[in-house]
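The values are calculated or read from the model by the stated rules, or taken from the named source; none is laboratory data. Computed from a prediction, not measured in an experiment: that's the story for all the values here. A quick note on method: Cβ atoms are made from the backbone with ideal geometry, for glycine too, and the neighbour counts reach across all protein chains shown. For accessibility, only protein heavy atoms count, side chains too; no ligands or nucleic acids. Shrake-Rupley method; radii C 1.70, N 1.55, O 1.52, S 1.80 Å.
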Amino acid sequence: MNIGFLEMKPEWIRKPENVVVTGNSVEIITERGTDLWARTYYGFQNDNAPVFQVKTDEEFFSFNVKTQFESKDRFDQCGVVMYLDSDNWFKASIEYENERFQRLGSVVTNKGYSDWATTDIPSDIKEMYYRFSRRKSDYCIEYSYDGKDYRQMRIFHMVQGAGSISFGIYACSPTTGTYKAIFTDMQVTDCTWKADNNWKEN
């Protein structure tokens with residue numbers, strides 16, 4: 001399997017006012033006050049970020065995408081998303097923090113509560129590749145600076161992640177920012193996250 005993401009006819013949840021879709025590219029100008037977050041620590045729930053995704057019953061696949069971004073305000077972000085409903089979703093992105101650092105991280109939301117796992121990277125990084133892989137209701141997210149050498153960010157389970165799911169891309173600006181996010185090299189392939197056949201219970 002090797003198919004372009006746009007060939008799969010993705011659909012919008014909350015389509016942004018300024019977006020251009022051409023060939024294998026999506027350009028979004030983010031809108032102020034848009035975000036995905038559910039309750040944990042901060043208390044609030046924001047569910048208004050634009051999401052562009054496809055639905056699939058395929059239990060084993062990988063989704064690859066290159067992101068380029070001009071983020072400059074706190075929490076500006078763009079990346080990969082699996083939005084099942086407002087209480088069950090996943091996202092991976094770089095969230096801008098300040099002129100010194102930004103946070104490469106991921107959020108898993110199950111039953112209305114989000115977690116956030118991050119690592120700090122320099123703020124002058126303005127592009128990132130992601131690879132999102134599925135094995136039934138288990139998932140793996142990886143990142144790469146060059147689209148060749150991928151490193152694991154996390155493995156996770158979605159309570160509502162069996163059967164039919166939806167996945168794709170998103171971009172948002174939770175505070176006062178607005179910027180351009182560009183998505184290219186979007187491909188869905190056979191699953192590159194292989195089964196671990198070396199594990200044996202004692």
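Restricting to the stretch 26-45, name every residue that is within 19 Å of residue 166 (Cα to Cα), assigned to a strand (DSSP E or B) and either open to solvent by 50 Å² or more (accessible area, probe 1.4 Å) or not aromatic (Phe, Trp, Tyr) (or both).
Correct list: 26, 36, 38.
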Identity of the residue in the stretch 1-14, over 18 Å from residue 77 (Cβ atoms), of a type outside the set (A, V, I, L, M) and outside any strand (DSSP E or B), that ends up most open to solvent (accessible area, probe 1.4 Å): 9
Every residue from the stretch 1-51 that is β-branched (Val, Ile, Thr) and either at pLDDT 95 or above or touching a helix residue (DSSP H, G or I) at 6+ places or on another chain (Cβ under 8 Å) (or both): 3, 13, 19, 20, 21, 26, 28, 29, 30, 34, 51
Enumeration of residues in the stretch 88-146 that are over 15 Å from the mean Cα position of the chain (by Cα), in a strand (DSSP E or B) and farther than 16 Å from residue 36 by Cα: 101, 102, 119, 120, 121, 122, 135, 138
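Here is a check on your reading of the model: is residue 139 farther than 16 Å from residue 72 by Cα and either at pLDDT below 95 or open to solvent by less than 10 Å² (accessible area, probe 1.4 Å) (or both)?
yes
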Of the criteria (1) among the β-branched types (Val, Ile, Thr); (2) open to solvent by 60 Å² or more (accessible area, probe 1.4 Å); (3) within 17 Å of residue 192 (Cα to Cα), which one residue 118 fails: (3)
